[in-house]
Amino acid sequence: LTPQTLQGKKVLVSAGPTWEPFDPVRFITNPSSGKMGFALAAEAARRGASVDLVTGPTTLPDPAGLTTHRITTARDMERVVRTLAEEAHLVIMAAAVSDYRPEEAAPHKIKKDDEELTIRLVRNPDILAGLGKNKKPGQILVGFAAETEHLVRNATEKLQRKNLDLIVANDLTQPGAGFRSDTNVVKVLDRFGGVEELPCLSKEEIARRLLDRIESLGAR
Ligand code: PMT
């Protein structure tokens, strides 16, 4: 039986991609499957936490023992996450939130009448940066950073700018890392400059190690 080390704690986890539509049948997205965030939510629930999982579109079924909230766009995710974060002791943003959305979504399917089609994109809110600005006393905020270059430098910049306690730097250039796979390759960076490098592990094992690390932070 898993020790109930998160009993009495409220944990909020985000997962999956967002879909940003430009007509009723087309949208901008990324390859996130939700596996990393779902593994984290399930592990927190096994440790006795009361868990809310906010996920973009994915084919994964709702995990047992927690509450799953299904959303589509970044702005939907922001609304739900912001409300649930008010009460959360721990927030982990594993979602791959689309940084941009089409400025307009056509009400009907766009016809292919023209040789070229230009879609103008506008910035989406940065959900995690918003949580960092309104961080509650004692709340632990954990982000992910999916990078293709300057892994530690870029992740450290996000850790500081978004006012996080930990960031999981996800090296997308490594085999077995990142989107869709059952494994991941990450470095865990803390706000005190500590860097822990993990080998290629299953997303379930990464979830266990990350929650162990977070629990040790809570005791600081
Ligand atoms: O879902 P899987 O297939 O298992 O893949 C896992 C994963 C690769 C999606 C995951 O491990 C991961 O790296 N998630 C973060 C991906 C990402 O969007 O990283 P980022 O560097 O763009 O964002 C930095 C942080 O800010 C993230 O915690 C992100 O959730 C958050 N963010 C980003 C943009 C935005 N508008 N709002 C946010 O809150």
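Read the figures in this text as sums done on the coordinates, not as results from a lab. For clarity, every value in this text was computed on a predicted model and none was experimentally measured. Positions of Cβ are generated from backbone atoms using ideal geometry, with glycine treated the same way; all protein chains shown enter the neighbour counts.
Projected label points at LEU217 and SER181, each 7 Å from Cα along the beta carbon direction, are separated by 2.4 nanometres.
Working note: Cα atoms of the chain, range along each principal axis, descending, whole Å: 61, 35, 33.
In a DSSP loop and with at most 14 other Cβ atoms within 10 Å, there are no trypsin sites (Lys or Arg not before Pro) in region 1-42.
Where does the chain land at 222 nm, in deg cm²/dmol rounded to the nearest 500, when only DSSP H runs of n ≥ 4 count, each adding -39500 (n - 2.57), divided by all residues? Mind dumping the intermediate values first?
Numbers: 5 runs with 58 residues, N = 220.
Value at 222 nm, helices only: -8000 deg cm²/dmol.
Between 0 and 90 degrees, the angle of helix 35-46 with respect to the longest Cα principal axis of the chain falls at about 40 degrees. With neighbour counts taken as other beta-carbon atoms within 10 Å, the residues ARG208, ARG180 rank, fewest first, as ARG180, ARG208. Under the combined filter of DSSP loop state and at most 14 neighbouring Cβ atoms within 10 Å, region 46-142 retains these GluC sites (Glu not before Pro): GLU86, GLU87, GLU103, GLU104, GLU115, GLU116.
Let's test the formula: R0 of 30 Å, r as the Cβ-Cβ distance of THR72 and VAL195. What FRET efficiency results, to the nearest 0.05? Please report the intermediate quantities before stating the final value.
Working: r = 35 Å, r/R0 = 1.18.
E between THR72 and VAL195, to the nearest 0.05, is 0.25.
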